[in-house]
1. Suppose we keep just the DSSP beta bridges with both residues in the chain; what percent of those would be antiparallel, to 5?
2. So for 142, 77, 95, fewest C-beta neighbours within 10 Å to most, what's the order?
3. If the cut-off is 17 Å between C-alpha atoms, which lysines fall inside it for residue 37, apart from same-chain ones fewer than 8 positions away?
4. What do you get for the angle between helix 291-301 and the principal long axis of the chain? Use alpha-carbon atoms, 0 to 90 degrees, nearest ten.
5. In deg cm²/dmol, rounded to 500, what helix-only [θ] at 222 nm does the chain give when every DSSP H run of at least 4 residues adds -39500 (n - 2.57) and the total is split over its residues?
6. In whole angstrom, note down how far apart the Cα centers of segment 325-382 and segment 277-298 are.
7. Once you sort the root eigenvalues of the Cα gyration tensor of segment 64-109 as a ≥ b ≥ c, which label holds: rounded (a/c under 1.5), prolate (a/b larger than b/c) or oblate (the other case)?
8. So how far, in whole Å, is the C-alpha centre of segment 35-50 from the one of segment 89-126?
Amino acid sequence: MMVDREKQLAVLRKRLAECAGGVGGALTVTGPVACGKTALLRAAEAPARSLGFEVRAARAADAGRREPLGLLRRLFMAERLPADLPHGGAPWVRMMNTIWAGAVTARPLLLSVDDADEADEASLRCLDYFVRRARSAPVLVMVSERSRAGRAVRPVRPCHEVVVGPVGADGVTEMARRRLSPRAAERLGPGLHRLSGGNPLLVRALLADLDGYADTLEQAVGHHYRQAVVALLRRAGGAELQVARCLAVLGDQGFPELLERMPGLDGRAVDAAVTALGAAGLLLDGRFRHPAARLAVIADTGQRDREELHRRAAELAHGVAWALSRELSRELSDAEQRVATLAAHGYRNREIAKRLSITVSTVEQHLTKIYRKLNIDGRASLRRAVPPQARTPDLVSPG
Ligand SMILES: Nc1ncnc2c1ncn2[C@@H]1O[C@H](COP(=O)(O)OP(=O)(O)OP(=O)(O)O)[C@@H](O)[C@H]1O
Ligand SMILES: [Mg+2]
């Protein structure tokens, strides 16, 4: 049972009633990851049926972006749709007309598309076409999509928008009441809200952890919560998963300048990801709300990725020369220190050249001088000359 969605359901019911009266169109359910978009779509289906709607539902993610017309095929069970069809030409219009004529009867129709941001381009264009025709027909195209900062196009337009965010404090207590005794729910509600940020997936997990305990929340935080944090981030994927992993592994050292310089991330992507994870309730002020969340993400990151993050952090956080001992740094020029540190970290000459934007032959010249100055005979000795704590910098011990 859903809590805290009365307003959204009221808008949905109103749109359904208008549509049943002959004025259809589109309605988008947006919100951060795991805040209840799918749950709201499902909840709209019952009132639709009682208003006499035929309901056709599909999850765009099942077909994926790469199968042209994959979503449309699932929505209309139209096996005979061509593999693809150029948009807008006469055959395309004929196909649209055929689908429309087959699906749209006197009975109102609800087309419910979950995760529309995962849909293939060709299907989205067809949905746009239906939305335009639906303005004077009893057809409602209802889609859900993640709210993402900086996204340029909406999957379907024009449309009404219904937003679902984290559940409010009263809603969280209400969720607790359904699982715990009324007294325990009142007592633990505020803590549950703080810890989950109101994200219903996390609230449910914490309630499952509390089962049998129900003493203090702190004692109860357990594997359901940890699993839910990881599940939430896997659902989010992309930059959000990457940023969360950086934050977890590197802790305070990872934020914010460092994150922006991680591969595949720039300032805007980091900002958008931190904002999105904050809106979902996982982060507060750019940090995990509970150490258990951070530990769960660290455990989920895998040792190789963790080591790579530490290594990059070591280079970036203090500049690449930080790792050399004072004695060595006195001997070497700044450029030589940078080359020596990277070489000691195990980088090859070509990688060092790329990283420092110099030529391979400059790297070789630097290394020759470094070996001479330090009176050593090559890279292996250089590794020995650089102190171990500098070679495998352990900036943060998890926990
Ligand atoms: N209003 C609510 N009250 C109680 N539980 C809810 C509510 N909304 C969602 N839930 C529960 O929270 C979990 C996540 O919801 P759901 O899968 O619908 O989120 P979503 O926004 O569709 O996620 P995604 O971004 O991954 O598509 C589910 O277990 C769902 O049952
Ligand atoms: Mg969903």
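1. Details: 2 of 24 bridges.
Bridges in the chain that DSSP calls antiparallel: roughly 10 percent.
2. Values: 142 30, 77 10, 95 19.
So the residues, fewest neighbours to most, are 77, 95, 142.
3. Straight-line reach from residue 37, under 17 Å: 7.
4. 80
5. Values: 22 runs with 228 residues, N = 399.
Here the helix-only value at 222 nm equals -17000 deg cm²/dmol.
6. Result: 39 Å between the Cα centres.
7. Values: a/c = 2.39, a/b = 1.32, b/c = 1.81.
Oblate shape, in that a/c is at least 1.5 and b/c is the bigger or equal ratio.
8. Rounded to whole Å, the Cα centres lie 20 Å apart.
Every read-out reported here was derived from the displayed coordinates using simple, explicitly stated rules and does not represent laboratory data. For clarity, every value in this text was computed on a predicted model and none was experimentally measured. Here the Cβ is made from the backbone with ideal geometry for all residues, glycine too, and neighbour counts use every protein chain on show.
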